[in-house]
1. Taking the Cβ of each residue in B:90, A:280 as the centre, tally the other Cβ atoms inside 10 Å and list the residues starting with the fewest.
2. For helix A:302-321, report the angle its Cα long axis makes with the longest principal axis of the Cα atoms of chain A; keep it between 0 and 90° and round to the nearest 10°.
3. Can you give the helix-only mean residue ellipticity at 222 nm for chain A, where every DSSP H stretch with n ≥ 4 adds -39500 (n - 2.57) and the sum goes over all residues, rounded to the nearest 500 deg cm²/dmol?
4. Go ahead and estimate [θ] at 222 nm for chain B from helices alone: -39,500 (n - 2.57) per DSSP H run with n ≥ 4, summed, over the residue count, rounded to 500.
5. How far is it, in nm, from the label point at residue B:201 to the one at residue A:66 when both lie 7 Å from their Cα along the line to the Cβ?
6. What is the protein assembly as shown by shape, rounded, prolate or oblate, if you read a ≥ b ≥ c off the alpha carbon gyration tensor as root eigenvalues and call it rounded for a/c under 1.5, prolate for a/b larger than b/c, and oblate otherwise?
7. Among B:228, B:167, A:47, which comes first, second and so on when ranked by fewest other beta-carbon atoms within 10 Å?
8. Can you compute the modelled spin-label distance between residue A:204 and residue B:27, with each label point 7 Å from Cα toward Cβ, in nm?
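FYI, it's all coordinate maths here, none of it is from the lab. These figures come from a predicted structure and were not determined experimentally. Don't worry about glycine lacking a Cβ; one is built from the backbone with ideal geometry, like all the others, and counts go over all protein chains shown.
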């Protein structure tokens, strides 16, 4: 009795499949009717190209507003203001593609900087300081990852807690004091230049980190795992992706690179205060989302985020040159974030509607 | 009675009582009526804003714009008061709530009509609102001597021996409890957070629910903004900075699940009171206030870990009871 039923079911399935094929054909038809103009438009509608056009607009606008803006040395120096955030934005891409979030990164900077400051007070040399900064960051990230993956708690809940805890420790130890005793050669990391004395050393490190991030995300198994987890965690688990370990690793690396950012920032400003880098977590997440990484996970790439970093960085620099207060810059950033997400959607919806109108009659 | 003890909030209630006992052993003044009154007054703002935050978290979202909304309505009403001292000060309370509701509605429409995830929409409006606060008074502060005495007296005006701040909070708690338990909109919020697909099929409107929770969250934050500024006698662009995360933390501590769908008004109330008690205890037992943040962080982590473990144990028990 069950065998014929099953056959029937198979028959029905076949029908569905053929219907599916028909649908595919139809969509090809639509593609064919798009024509060259629409395909050209399609290229400009990719997120990265939109961002890049925005970036160019900002550069042009800025150079009109202020004649000193388009000076290579100036622009390279301006990068000091956003390199540390950009370094953390790289692992944050992975975190968000996985569908998680880490809002404790700025507090990890405070914690790393605190321990570096203690060691500096005790007379540690620069290599030791760097190691301490990195290890503290790694451990902090690992702590987040353990709670998130082993106890299966939402990342936002855990990192809200650790955000208070990490910065709270810096607060408790430092109070209203600051550590300012660092060896003299420590300053190079955050303030020094390489390549003929023009390119900031930090910027070179950022390029290396970004290159590594792009390589891992696009060319390695782990990178594919990240997209798989972000698109469907359960499916990924059943396919044999070590979901929890990949996420744990990502949180640990996020901690490590926050530690690296702490090394650069501490070296650049030469002191450790408990409010160091406060509010950075939201700046970093804004940049990553503006760069086209879907906050729900599963989508995004390094190139878009890199453009977003420079777009926001130079936009703020340009506004700084013409004396716009920081709070007002935030209005522009907020509006930009909304517009950058809404605009492509609106255009896409309008395009679909136009296409339908062309096909249906 | 047994069911009462199995509730998630009970862990926090027991810890709250233990905390109070321990602190009052070292500082007997802690449980004196006067100190309790001051704890309550200090915690009112957190309770009210956390209740709005709670509703947004229930649908699986988060509203990071609440602190900026507070700064906004605080500054707006302080300026109204400064330039039109003739307007009765108590009118500024509903005015602040209305402005807050509009701001919340704006965030809500980004979510409901723009399709932005709540965290992104509220990060965006958070920066925009705080920026506008700066622009409103060109970065300057509004100081107490620029405010009228009536305005400054709003939160402390006593009625039946209790400050109006506490009365307002009690009213908000009661309204929130009624809304969540007895109105169809409140049940829709729970339904939507518990299972979005099922709620949609049951005829719950996604847009309506999103607009409702964000508008309420904005309204409550707007109301508190007025109370906050008049209480501290100071309106500036950094008002309540970082407060949004405290409200989320109070919800988490009160057993509200960040994934949405579960949590109660009572839990949020207790979570917020716990923070108030800790902050007050630190000063009473002469602990450095610099320890406050670290202890807060520790408490949040401890609360979510223990909540998770309790949930897991209960689930295991349910699975074990099932007949196979």
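1. Numbers: B:90 15, A:280 21.
Ordered from fewest to most neighbouring Cβ atoms within 10 Å, B:90, A:280 come out as B:90, A:280.
2. The two axes meet at around 50 degrees.
3. Working: 16 runs with 286 residues, N = 361.
Here the helix-only value at 222 nm equals -27000 deg cm²/dmol.
4. Working: 14 runs with 235 residues, N = 324.
Estimated from H runs of four or more residues: -24500 deg cm²/dmol.
5. 5.8
6. rounded
7. On the way: B:228 25, B:167 15, A:47 21.
Fewest-to-most Cβ neighbours within 10 Å comes out as B:167, A:47, B:228.
8. 5.4
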